[in-house]
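Here it is, the structure in full.
Just so you know, all these numbers are worked out from the coordinates, no wet-lab data involved. Computed from a predicted structure; not experimentally measured. All Cβ positions, glycine included, derive from the backbone under ideal geometry; neighbour counts span all protein chains shown.
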Amino acid sequence: MSAPTIPADWSALVSPLLVAMEERPQATALVGLFGSAKGLVISALARRLADRKTSVLVVTPTDEDADRLHADVTFFHRLQGAAPDDILLFPDWGVLPDASTPPVEVVGQRMRVLDRLFGADRGLVLIAPVAAFLQRLLPRSLFAEACFSLKQADTIERAHLVTRLLQLGYRQVSVVENPGEYAVRGGIVDLYSTAHEEPRRLDFLGNTIETIRLFDPATQKSSGRAPFLRVLPAREPSVSPVMETLLDYLAAPPVLIADEPAALRKHTEEFQGTGARCLVTIAAIPPGEAGGMSEEGAPVLHFEAHRPQAAGIGVKGRSFTETLTHLETLRAQGPVVIVARSRGQVDRLQALFLEHDLPAEPLGDKPVTPLGAHAPYALVQGELSGGLLGLRGPGDGAAPLPLSIVAEDELFAKGGRHKAPSLSKSAAFLKSLEEVKVGDYVVHVQHGIGRYLGLRRLAVQGFESDYLIVEYAGGDAVYVPLDRLNQIQRYSPSEGHTPKLSHLGGAAWSRTKARVRESIEEMAKDLIAVHATRQARGRPAFSADSLLSHEFDAAFEYEETADQLRAIEDVRRDLESDQPMDRLICGDVGYGKTEVAMRAAFKAVQDNKQAAVLVPTTLLAQQHFETFTERFAPFPVTVGVVSRLQAPKDLKATLRGVAEGSIDIAIGTHRLLQPDLRFRNLGLVVIDEEQWFGVRHKERLKQLRTQVDVLTLTATPIPRTLQMALSGLRDLSTIETPPPDRLAIRTQVVRFGTGIIREAILRELGRGGQVFFVHNRVQDIERMGAWLKDLVPEARIVVAHGQMDPRPLEATMLKFHRREVDVLLCTTIIESGLDIPNANTILVNRADTFGLAQLYQLRGRVGRSAHQAYAYFLVAEEDTLTGDAQKRLQAIREFTELGSGFRIAAADLEIRGGGNLLGKEQSGYIDAVGFELYMGMLEQAVHELKGEPMPEEFEPNLQLQVSAYIPDDYVGDVAHRLALYKRLTASAQMGDLAQLHGELVDRYGAPPEPVERLFEVMELRLLAKALRVAAVRVRPTAVAFSFDEKALPPQAGLQALMDENRARLRFTTPHSFELLGVDSAWKAVFPEIKRVLHVLASYDKKPIASA
């Protein structure tokens, strides 16, 4: 008898449903659809109806149900070889009733769906949560008028285009980074339409569109041509004289499906008030409980579906090898599809199956339908809420679908699925910009700390150029020319430190720098000594990864990010070398550092060594113990915890287990460092947040560093400059990619009010979550607690602050961690290290009184699970905030949109991280000279102590008689102009200048003459720097060149110049000469100077920055 094969389409499953829908007026109830079975049935139904041009509209109880169902239907469509982009998700606004309009990303998604419904020429699947389904929309006719398209050679007045964009809710900015923004720069219009995934750049000639290009919002560089531009609204009106519903946007009445009608019942009146006739209801309830599902006499169709656990797959604690025997049983009956969330995981699973001598192949874009029994495991990249076995349609004679689908999480018994990380598009561009606002403190390397007063255009001897003005004590000012901008740095103090302005001309600044240099040298010597001891000691290398290691890696429940994989690889390489590891892993909470540590611990245990995990607090010890225990459950590894929360008897047993070696991984606070705790064979120490440990414990850790392998984890970002300064002494790995959906935290700045606070708390509690309420005044926190209890009596509220005794504080935090309470009312003690994935709403009271770096860290406490997270920054109800508070609020608003505030918050955090890594004493020295200068001095000291002195920075003095600057009407934003000037002076090679010139043309159009002159000046500066030309001075009929005494020009080069110029070359000193008979007009003098420098460079032994 031949093995069963899958039917070419799965229509047989839904044929009885189609018959029932045609025969009966009442809604047909489908029951027994567990897990992802709903997605498969809707996909099969949609394919049957698509030919009839009939759409399917599914209404779900919540946003999360809609997301899940959308992923499932899309997956099954792809599996059948159908078009997955026919499955549309229409989200609700996702904001509180009295809060502001929805985020522009949400508006964009909604507008794209409405636009697609308009032009649909076939049946689609539309999935909407009930809140979105009930919401009134702009009438179709108005929506159609609002939307428009543009293509190359179209004609439109720019003023008219801008008017239309403003009417549609677009916002004018200087740099386009987010959807709903546009910028106008001369003949160029940048626009991030809500219709597209990428922004577009329109290049006009007069009123005609010459080109439409795509560009990357992170780098602002063009990335290719686009055939057209579609413009959809960037905001939705909440009220309009006439409003319509989602149903009005569909060309023909759809098949309306109610998902889980019992959950939809609370919306029943509103739902039925739409006049929509529901044709189908679907539910996961067992067939026997279907009584209340449908109207009297309405048909009920029974489906049968099993989860993989029913066949022994995905059982917690079961090893992968055991799971494989159950999978093989399924494969003998029909094809088995394994769903992995990423391309990388598909490859890894294929390798894992092959290691177990089992066939597995990526399915790619092929449909699964031709596969039969005993076919290789089909590996598919996709998102699916859960596996599905033996789906049987209604009817006695129906045979089960001979298809088994297992989600990757079920292979390894890992629980819920997690979405792939969404990257911040602006991150790269933010890193490259160093914004200094007027009034900010800056450091001049020669003159000290001053205040930046802005850019000013000055004419010197009739030639214009921009100068940066820095004010010093007593009102003195320094005008810094553009070619000296590299001597100016943003002064970034540690939080709460306000610097004093330096005095011009005094010796105090030189004394300060000398004091800092001395301290840096002491610290660097210390670092080098520890490093040398480690290098000299050596130890046997750890063994290479085994089959069990590969199973452990594959059981990780997230897809590793690229830099997480890099960190894992760095640690593996360290352990497999013959010298002890001392590596620092840096990444925000939830970015995946713990997984790196767990893989290192697994490697140690495989080599019969023990691992110790040191954490600063008892609560973190408990959290890590639970995480490690769950992760290591299917493997032969024993995890123990040493903490105050243990009963004395348990603690004694743990200490004995550590000494005997029966406990492989011990987790605990500094108690692990006590002399009475002995390890049988300690091989690896993992230290979490070292900066929180005391001086005595740090000394013990310093000893450990020379004896065993040490892996340190920190959540505070470590600046790149510090990483470079310490390169070769401290090995650093940074994990900068955000975790799944981390950047999707919906952030709102709202007035303090009872309505919004109660609504926000109840909304979170309603979905089974928890809430942080930050109130940073210990003196009246209890009063605030009483007020909250009156406002939300349904919530269990506890209070926590830093002035509490450690034990009650720990007990309170543990209650919150164990979900025994709903709301944690606290001060900023939650700022660091706390990981509560179930808490997804944070309210920060009086947000206007916090620093941006603090707000950034507080907001990072939520958004660590697959749920949408919300952050509400509450501000005082009074309309009269102080000027400073108003500014800070504006900055918070910018910061919520990843604007300039975000850049500064990120920079301030990095400085805090730098101080933490180097120790409290060094923080004072960082404040004394500013972060950038301190880092430069540190890098120099390390190089010198290692016997690799860095070349001294050299800057030529150019007096060129030319107007060279960036005009205001070319780059209007002062901050951007300053950033461009800084990039110009930081360009080390001709290629950098060429690249920057290309970017300017791309972003701002053809550069005016002063900009072209500026690039030419920078070109001469690079040539002069490479040759160490001390000065180039243009005089009325001559150009004077003088050289640095330490680097005289090559004799052969001078001889060649003399041969070329005969009587025009005149030596004035051994180090200088003049070129006579030169017209001082720039067009004549520029090529002459360039020629002289090129001739000298061609004979120079030093490498020169080439084009």
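So for S643, S510, S519, fewest C-beta neighbours within 10 Å to most, what's the order?
Numbers: S643 22, S510 11, S519 17.
Going from least to most buried by this count: S510, S519, S643.
Can you compute the radius of gyration and Dmax for region 981-1107, using only the Cα atoms, both in Å?
Just the Cα atoms of region 981-1107 yield Rg and Dmax of 15.5, 47 Å.
Now for a separate question. Take the eigenvalues of the Cα gyration tensor for region 305-411, scale each by 5, and report the square roots as semi-axes in whole Å, largest first.
Details: eigenvalues 91, 53, 35 Å².
Taking √(5λ) for each eigenvalue gives 21, 16, 13 Å, largest first.
Measure off 7 Å from each Cα along the Cα-to-Cβ vector at S141 and V460, then give the distance between these two points in nanometres to one decimal.
6.7
So if R0 is 41 Å, what FRET efficiency would R122 and R265 give, r being the distance between their Cβ atoms, rounded to the nearest 0.05? Let's see the in-between values first.
Values: r = 33 Å, r/R0 = 0.81.
Once rounded, the FRET efficiency stands at 0.80.
In addition: Could you point to the residue in L138, G32, A46 farthest towards the positive end of region 15-146's charge dipole, with +1 and -1 charges on the Cβ of Lys/Arg and Asp/Glu respectively?
Of the listed residues, the answer is A46.
Let me make sure I get this right: for region 148-231, a, b and c are the square roots of the gyration tensor eigenvalues over alpha carbons, sorted descending. Under 1.5 in a/c it's rounded, otherwise prolate if a/b > b/c, else oblate. Which is it? Could you put the intermediate results ahead of the total?
Values: a/c = 1.38, a/b = 1.09, b/c = 1.26.
Rounded is the answer for region 148-231, as its axis ratio a/c remains below 1.5.
Could I ask something else about it? When the distances between all Cα atoms of region 174-270 are binned every 10 Å from zero, what whole-number percent does each bin get?
Values per bin, smallest distances first: 13, 30, 20, 20, 13, 4, 0.
Here's a follow-up. Quick check: from the Cα gyration tensor, does region 58-168 come out rounded (a/c under 1.5), prolate or oblate? Walk me through the numbers before you get to the answer.
Working: a/c = 2.46, a/b = 1.38, b/c = 1.78.
Because a/c hits 1.5 or more and a/b fails to exceed b/c, region 58-168 counts as oblate.
I'd like the projected area of region 924-1053, averaged over all directions, using the convex hull of its alpha carbons. Report it in nm² with one decimal. Walk me through the numbers before you get to the answer.
Numbers: hull surface 47.7 nm².
Taking the Cα atoms of region 924-1053, their convex hull projects to 11.9 nm² on average.
Could you rank the peptides 772-779, 930-937, 47-54 by their average count of other C-beta atoms within 10 Å per residue, with the highest value first?
Ranking, from highest mean packing down: 930-937, 772-779, 47-54.
Starting from the Cα-Cα distance between K649 and D968, subtract it from 0.36 nm times their residue separation and give me the gain in nm to one decimal. It would help to have the intermediate numbers written out before the result.
On the way: separation 319, 0.36 × 319 = 114.84 nm, distance 7.49 nm.
Stretched out fully, the K649 to D968 stretch lengthens by 107.4 nm.
Looking at the square roots a ≥ b ≥ c of the eigenvalues of the Cα gyration tensor of region 583-669, which shape do they give, rounded for a/c under 1.5, prolate if a/b is larger than b/c, or oblate? Mind dumping the intermediate values first?
Values: a/c = 1.90, a/b = 1.22, b/c = 1.55.
Cα axes put region 583-669 in the oblate bin.
Here's something else I'd like to know. Using 1/(1 + (r/R0)^6) with R0 = 35 angstrom and r between the beta carbons of A83 and E630, what's the FRET efficiency to the nearest 0.05? Write down the numbers at each step before the final one.
Working: r = 39 Å, r/R0 = 1.13.
For R0 = 35 Å, the calculated efficiency reads 0.35.
Let me ask something else. What's the magnitude of the charge dipole for region 305-411 around its Cα centre, counting Lys and Arg as +1 and Asp and Glu as -1 at the beta-carbon? Answer in Debye, nearest 20.
Working: 9 positive and 12 negative charges, 39 e Å.
Once rounded to the nearest 20, the dipole reads 180 debye.
Next question. Pull out the extension gain between M990 and E23, defined as 0.36 nm times the separation in residues minus the alpha carbon to alpha carbon distance; nm, one decimal.
Details: separation 967, 0.36 × 967 = 348.12 nm, distance 7.73 nm.
Full extension of this stretch gives 340.4 nm more.
For region 148-231, with only Lys/Arg (+1) and Asp/Glu (-1) charged at the beta-carbon, what is the dipole magnitude about the Cα centre, in debye rounded to 20? Mind dumping the intermediate values first?
Numbers: 11 positive and 10 negative charges, 20 e Å.
Dipole size: approximately 100 debye.
Moving to a separate point now. Would you mind calculating the gained length between D154 and L205 on full extension (0.36 nm times residue separation, minus the Cα-Cα distance), in nm to one decimal?
Stretched fully, the D154-L205 segment lengthens by 17.3 nm.
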